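The values are calculated or read from the model by the stated rules, or taken from the named source; none is laboratory data. It should be emphasised that the depicted structure is a prediction, and the values quoted were computed from it without experimental measurement. Cβ placement follows ideal geometry from the backbone for every residue including glycine, while neighbour counts extend to all protein chains displayed.
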Amino acid sequence: MMRQFILSILVLCSSAIFADNIKRPDSYNYSRGVEAINNNNAEEALDYLNKEINEHPDNGYAFAWIALVKNYNEEFGRALTAANVAVKKIPVKDKEFRAFAYATRAKVYLNLEDTVQALKDCGFAINAMPNDTRYYEARAQLYYELAKYDLSDRDYQKMISLKEGDVMGYMGIGRNANAQKRYGDAIKQFDYVVKLDQNYSSAYSFRAESYMGQKKYNEAIDDVITALYIDNDDKAFYELQELADSAFEQTIAKLKVQNIKDANDNSWTYYLGVAFEKTARYTKAIAYYKEALEKESNIITANRISQCYNKLGDYDKALEYCNQAIALDSVKANYLYEKANILDNAGRTQEAIKTMSDYIANTPDEPAGYYQRGWFKDHSGDIEGALEDYTMAITLQPNEAYAYLNRGVLYRLKGENDKAESDFKQVVRLDSIPEEAECSFYAYYYLGQKDKAIEILNTILDKDKKGNCYDAACLYSVMGEKEKALSYLRQSLEDGYRRFAHIKRDRDLNNIRNTEEFKVLLKEYEEKHLQEIAADADGDDSACELKVEEIPFTKEGGVCKVKCAINGLPLHFIFDTGATDVSISSVEATFMAKNDFLSSSDIIGKQNYQTADGNITEGTVINLKDVKLGSLHLNNIKASVVRNQAAPLLLGQSVLSKLGKIEIDNTKKVLRITHKQKIN
C-alpha cells in the first residue's frame, strides 16, 4: 500500500524540479531521499531526508516526505510534527506539493482518529488542487466511513465530472448504495463500470455483494467466479465462502464447471476445497486440496489440509501436513503455532508445550503463543506455569477476555478470590455484547450471577446452537446440573465436536466425568469417530470396491488372540474393543530395538493412554511403520510402550477402525474385516 500511494504522488510531484516558475529542491540528500522512497526503502529515505533538513531546515518538501514515511512507520506524533512544518514551509504558490502535505496530514489525523481535522485537511488539499480526483476520493472514503453517504456521493460525482471515463467515481457511488442496501441502484453503477472496463475485477466482486443482498445467488456466483478469474480478487474470495453457506449446491456446481473450463489453473481446485471446508465438509475439502497440492506444492494448501484433518480429529494426518507446511515455510514459526495446537488436541501436551515454546522463541512479542502455552500447562496441571503465561498474554494484549477468565479460574482454585473476582469482572467488561459472547457467561456464574449467565448462554445458543453446545455442556457441568450438561455434550458430539483428548481433561466437565452416562457417551462417539476416520482415509468411494478379509483367531483366557507382524516381526496381538490405543510391553519393544525392528527415529516421545478399564497411564510412544494382519497392511501406527513386562500386545480401536468394519465370528473363529480397496 505504501508503494502504491507514494508512487502516485511521485508521478505528480517529482517529475520536474520547476513547476509554475517555482524552484523545487534538487540537493543531493533530498534527491536521494525521494529516490529511496521510490524504491520503497523507508530507512534509507529517512537517513537522507534527515540530513537534508539538518542542512536546509526550511525545506518544507523534505518535511512532507518525512511525514509520509513516519506515518507509514506508525510514528504518528513525529509524522504530525513533520506535516505541520511542511504546511508552513512549502511555498504557497506550489499548490501541488501543498495539497500533498495536507493530504498526508489528513492521513495522520485519520490514524489518530481525529476525523474532524482529517476532513479539514482533505478540504485544504481540494482547495489547493480542485481538479485532482485523488483528494476527492480520499474525502469521499472518509465520508463513507462516517456513514455520510450523501456527502460521499457528492465527491464521487465530482470525480466523474473531472474524469468521466475513470471507474472510481462510479465504484464509490455503487459501494455507498450497497452500504444503504439500495442494491438495485448499486448494480446500475457496477454495470456501467463493467462497460468502461470489463477486466476490472472489483466491479464484479462488488456487484456480487449487491446480488447477494437481493438473494440472487446464481448471478452472485457468476460475478465471484469472474472476479477470481481476472486477478484472484480478495473480496470475491471472501464472498465465495459466504455463498458456500448460502447457496452451496449452486456454488459447487459452477466452480466445477469453471474447473473444467480452466483446467490449467490450479486455483479452481483450491477454491472447491475452500467451499467444502467452509461448510464443514472436511473429507471432500481434503480431496480437492490434495488434488491442488499434487499439481503445485503450496504452503497454504498444505496448511488447509492439516486444519481439515485437525477438525476431523485425525491428528496423525493433521501433523503430517502441518509438518509439510513447516518444511515449505521459510519463516517456520507461523505453522509451529498450528502444530502445537494439533499436538495438544492429540493429547500430546508436553510435546505441544515444547513446540509452542519454539514458536514463542521465534515470535516473543506475540500474545497468542503465551496464551496457548498457558492453556496447555493449565490442563496438564502446571498451575503456576499457566498463571505466568496467562499474565504474559494479558500484559501483551490487555483486551483478551479468555486470558482473564482462565487466570481467574486458577486464582479461584488457589483461593485467591479477590484476584479471581477482579479477572472475572474484566471478562464481563471485555465480552460485553450478549449476542457475540464467547466466555462472559462463565464469568457471570463465578461472580454469583447464575441467571445472567444462563440468559447470555441462551442468547448465543439461539444464534448458533451448533457452535456453542460444548460451552453449554461445560457451564451446566460447572453449575452441577449434570443432566443438562450431558444433553448438551451429546448434542455437541452429534454436531461434530471431536476433541476427545480435551473432553477427557477439561476441568469444566469434572462434575460429570465419573458418571456412567459420560463414559458411555464418550465411548459411543469415539467409536463413531474412528469409523469416520477410517472412511475418510479411503478417499472417494467411487474408485473403491468392498473386500472381505477373514483372519483366524484363538481364544485364550476369554480374549481373542490374532497373528500379526510388526515391522516384519511375527507376533500375536490381543484384539480389544475396549482400549482406544495400541500398547506393547517394554520386553517386546526392547527386543525389537535390539534386533533392528525399531530404529531410534521410531521413538517419538511420551503420551498418556487409556486402558480398557479406563485408567490413564504414561508410556513412551513409538512409531510402528508396518502392522500386517492377514494380507492387510497399516502404516505408521503410534503405540505406547508400557512398563509392565507381562503386558500383551494390545490393538485398540485406533488401529482396528482403520481396517474397516470388523465382525467377530465366534463360530468360525475369524475376524471378518470389510474394507475398501481401490479399483486398479
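What to note about this one:
- If the condition is being charged (D, E, K, R) and either more than 14 Å from Asn567 (Cα to Cα) or over 35 Å from the mean Cα position of the chain (by Cα) (or both), then the stretch 619-635 contributes only Lys628.
- In the stretch 46-54, the condition of being at pLDDT below 95, of a type in the set (S, T, N, Q), in the same structural domain as Leu110 (by the TED database) and more than 20 Å from Phe124 (Cα to Cα) is met by no residue.
- Selection of the stretch 168-214 for residues being among the basic types (Lys, Arg) and within 19 Å of Ile230 (Cβ to Cβ) yields Arg175, Lys195, Arg207.
- On the stretch given as the stretch 629-647, residues that are touching a Ser or Thr at 6+ places or on another chain (Cβ under 7 Å) and either at pLDDT 75 or above or of a type outside the set (A, V, I, L, M, F, W, C) (or both) total 7.
- Lys215, sole failed condition from (1) assigned to a helix (DSSP H, G or I); (2) more than 23 Å from Thr104 (Cα to Cα): (1)
- Any hit, the stretch 330-340, residues being in a loop (DSSP other than H, G, I, E, B), without any contact (Cβ under 8 Å) to a residue 60 or more places away in the chain and at negative phi: yes
- Identity of the residue in the stretch 502-529, β-branched (Val, Ile, Thr) and surrounded by 17 or more Cβ atoms within 10 Å (Cβ to Cβ), that ends up farthest from the chain's Cα centre (by Cα): Ile512
- The set of residues in the stretch 459-484 being part of a helix (DSSP H, G or I), of a type outside the set (D, E, K, R) and surrounded by fewer than 14 Cβ atoms within 10 Å (Cβ to Cβ) consists of Gly467 alone.
- Odd one out for Ser297 among (1) of a type in the set (S, T, N, Q); (2) over 22 Å from Asn341 (Cα atoms); (3) at pLDDT 95 or above: (3)
- Qualifying residue in the stretch 89-109 (condition: touching a Gly at 6+ places or on another chain (Cβ under 7 Å) and surrounded by fewer than 20 Cβ atoms within 10 Å (Cβ to Cβ)): yes
- Neighbours by Cβ (under 8 Å, 6+ apart or cross-chain): first from the stretch 283-306, over 13 Å from Leu272 (Cα atoms) and charged (D, E, K, R); second modelled with pLDDT of 95 or more and buried (at least 20 other Cβ atoms within 10 Å of the Cβ): Lys295/Thr269
- Any hit, the stretch 156-167, residues being closer than 21 Å to Glu96 by Cβ and among the β-branched types (Val, Ile, Thr): no
- Residues of the stretch 241-264 classified as buried (at least 21 other Cβ atoms within 10 Å of the Cβ) and within 21 Å of Gly184 (Cα to Cα), total: 1
- Just one residue in the set Arg513, Arg505 is touching a residue at least 40 places away in the same chain (Cβ under 8 Å) and either of a type in the set (Val, Ile, Thr) or within 26 Å of Ala346 (Cβ to Cβ) (or both); that residue is Arg505.
- In the stretch 584-610, the residue that is surrounded by the fewest Cβ atoms within 10 Å (Cβ to Cβ) out of those that are of a type in the set (Ser, Thr, Tyr) and modelled with pLDDT under 80 is Ser600.
- Taken over the stretch 323-339, the criterion of being β-branched (Val, Ile, Thr) and crowded, with 16+ Cβ neighbours inside 10 Å is satisfied by Ile326 alone.
- Qualifying residue in the stretch 569-583 (condition: buried (at least 19 other Cβ atoms within 10 Å of the Cβ), at pLDDT below 85 and among the acidic types (Asp, Glu)): yes
- The set of residues from the stretch 611-628 being surrounded by fewer than 20 Cβ atoms within 10 Å (Cβ to Cβ) and at pLDDT below 80 comprises Thr611, Ala612, Asp613, Gly614, Asn615, Ile616, Thr617, Glu618, Thr620.
- Among the residues of the stretch 212-254, those identified as of a type outside the set (D, E, K, R) and within 25 Å of Gly165 (Cα to Cα) are Val224, Thr226, Ala227, Leu228, Tyr229, Ile230, Asn232, Ala236.
- Subset of the stretch 353-396 (residues that are part of a loop (DSSP other than H, G, I, E, B) and within 20 Å of Ala333 (Cα to Cα)): Thr363, Pro364, Asp365, Glu366
- Phe100 meets the conditions (1) closer than 28 Å to Lys163 by Cβ; (2) part of a helix (DSSP H, G or I); (3) modelled with pLDDT under 95 in every case but one. The failed one is (3).
- Among the residues of the stretch 480-499, just one is within 26 Å of the chain's Cα centre (by Cα) and on the phi > 0 side of the Ramachandran plot, namely Gly496.
- Single residue of the stretch 556-568 satisfying the filter (among the hydrophobic types (A, V, I, L, M, F, W, C) and under 24 Å from Ser599 (Cβ atoms)) that is surrounded by the most Cβ atoms within 10 Å (Cβ to Cβ): Ile566
- Candidates Asn323, Asn334, Asn362, Asn417: the one that is touching a helix residue (DSSP H, G or I) at 6+ places or on another chain (Cβ under 6 Å) and polar (S, T, N, Q) is Asn362.
- Considering (1) acidic (Asp, Glu); (2) surrounded by fewer than 20 Cβ atoms within 10 Å (Cβ to Cβ); (3) modelled with pLDDT of 95 or more, the lone condition that Asp155 does not fulfil carries the number (2).
Matching residues to (1) surrounded by fewer than 22 Cβ atoms within 10 Å (Cβ to Cβ); (2) in the same structural domain as Ala244 (by the TED database); (3) within 30 Å of Asp245 (Cα to Cα); (4) not polar (S, T, N, Q):
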position	(1), (2), (3), (4)
Lys278	yes, no, yes, yes
Ser297	yes, no, yes, no
Asp314	no, no, yes, yes
Tyr321	no, no, yes, yes
Asn341	yes, no, yes, no
Asp344	no, no, yes, yes
Pro367	yes, no, no, yes
Ser380	yes, no, no, no
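- Just one of the listed residues (Asn71, Asn84) is assigned to a helix (DSSP H, G or I), among the polar types (S, T, N, Q) and farther than 25 Å from Asn39 by Cα, and it is Asn84.
- Every listed requirement among (1) more than 30 Å from Ala639 (Cβ to Cβ); (2) assigned to a helix (DSSP H, G or I) is met by Gln350 save one, (1).
- Options Asn178, Asn199: the member that is surrounded by fewer than 23 Cβ atoms within 10 Å (Cβ to Cβ), outside any helix (DSSP H, G or I) and at negative phi: Asn199
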